[in-house]
Every structure is written in structure tokens, then in C-alpha cells.
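Everything below concerns the one structure shown next.
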Amino acid sequence: MAVCAMIRECKRGDAAALHGPAAAVRLASALYESTPRMTRWRLAAPIDDIREPLVSLLGSETRFAIATLVEVSGSAPRDVGAQMLIAGDEYWGFLSGGCIEADVARHGREAMAEGEPRLLRYGEGSPWIDIKLACGSGISVLVEPVGADEPAVATLLGGLPARHP
């Protein structure tokens, strides 16, 4: 049942259409099916593992970049090695708990357009005084435009079936 149809039933007085476990499953399924393919991964993929959405990009012509946390000074929500995947207007994964992800995605799009990697610094030692980290630490992020045929992508995806980080 589509999301709009479920809402219409509720407005007609059939409130049971939106209550109970079965309704929750129908609603989640309808939301998933009505969501564009690229956005579906935000609903279904683990937020801290970019490999599943990366697999979905491999067969498409979509260009993408990978951002990797390469240095942490102080305490931060994520450890060195945490990654984000950026493709068009979408991104998956997190590096700081929400403080910098939109800016990292912007840099990812710019790196893809230029074909050049970027090393970004946030928090302590950052050139951007308007972007603060709530934890008070400093982090460095390497943003790289990546091609689907690069060996690094195969290595990254090689651990997925074995459930290796």
C-alpha cells in the first residue's frame, strides 16, 4: 500500500490503517519503495559502513568520492579510518557525529569536479572558524575522487562478504 493511500485511509476514519506492527511494516515498505534509489541507502544501510551503498554505485555512471578520517587530536566520535561516501547530492557515513558532514560532502563534490584529492582540517587547527566540533578536538579528513575500477575500491569491498571492518 502506498504511503499516500495509507494516509487517505486514516483521514477517512480508518485509523487502524496506521496502527499496529503490520501497519508499521507496510508503512516502512511503502516509504522505501517511494524513495529514490540513491536515497534508499540512507534508510537501509548502516550509517557507519559505506560499503553497501558503494556496491550500489558500481554499476551506475555515478561519480563518487570517499572521505577518510586520517588524524584525530583529542577525543572524537569516530576513530581514524572512519569513512564517508559522497555521490552527487547524497552522502553516507559519518566522521564527526554531524558537525562537518555536509561540508565534507561539498568538498567531495568539488574534488570530483577537479579530479584532485583534498586534505581538510576541522576543529583545533582548522582554517574555518565557523565550523566547530562539539567535542573540542581536531580532525583531518582526506577527500579523494575515486573511480569504480580502482584497486582500492576492490580492497574496500573485499571485506564486506566476510564482515571485516
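Structure data summary
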quantity: Whole-Hz ³J(HN,Hα) from phi, Karplus 6.51 cos²θ - 1.76 cosθ + 1.60, for the range 92-103, glycine and proline x; calculated: 10, x, 8, 10, 9, x, x, 6, 10, 4, 5, 5
quantity: Column: log10 I(q)/I(0), Debye, Cα scatterers of the range 90-165, q = 0.11, 0.20, 0.27 Å⁻¹; calculated: -0.35, -0.97, -1.25
quantity: Solvent-accessible heavy-atom area per residue, rounded to whole Å², over the range 89-163 at 1.4 Å; calculated: 53 Å²
quantity: Order by protection proxy (mean Cβ within 10 Å, highest first), peptides 66-79, 106-119; calculated: 66-79, 106-119
quantity: Net charge contributed by nearby residues that have their C-beta within less than 12 Å of HIS107 (K/R +1, D/E -1); calculated: -2
quantity: Under-5 Å amide H pairs with VAL146, H placed in peptide plane, nonlocal only; calculated: PHE64, ALA65, ILE66
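The values are calculated or read from the model by the stated rules, or taken from the named source; none is laboratory data. Just so it is clear, the model here is predicted, and its values are computed rather than measured. For neighbour counting, all protein chains shown are included, and Cβ atoms are generated from backbone atoms with ideal geometry for every residue, glycine included. Each accessible area value is taken on the protein alone, full model and side chains, heavy atoms only, with ligands, DNA and RNA left out. Shrake-Rupley method; radii C 1.70, N 1.55, O 1.52, S 1.80 Å.
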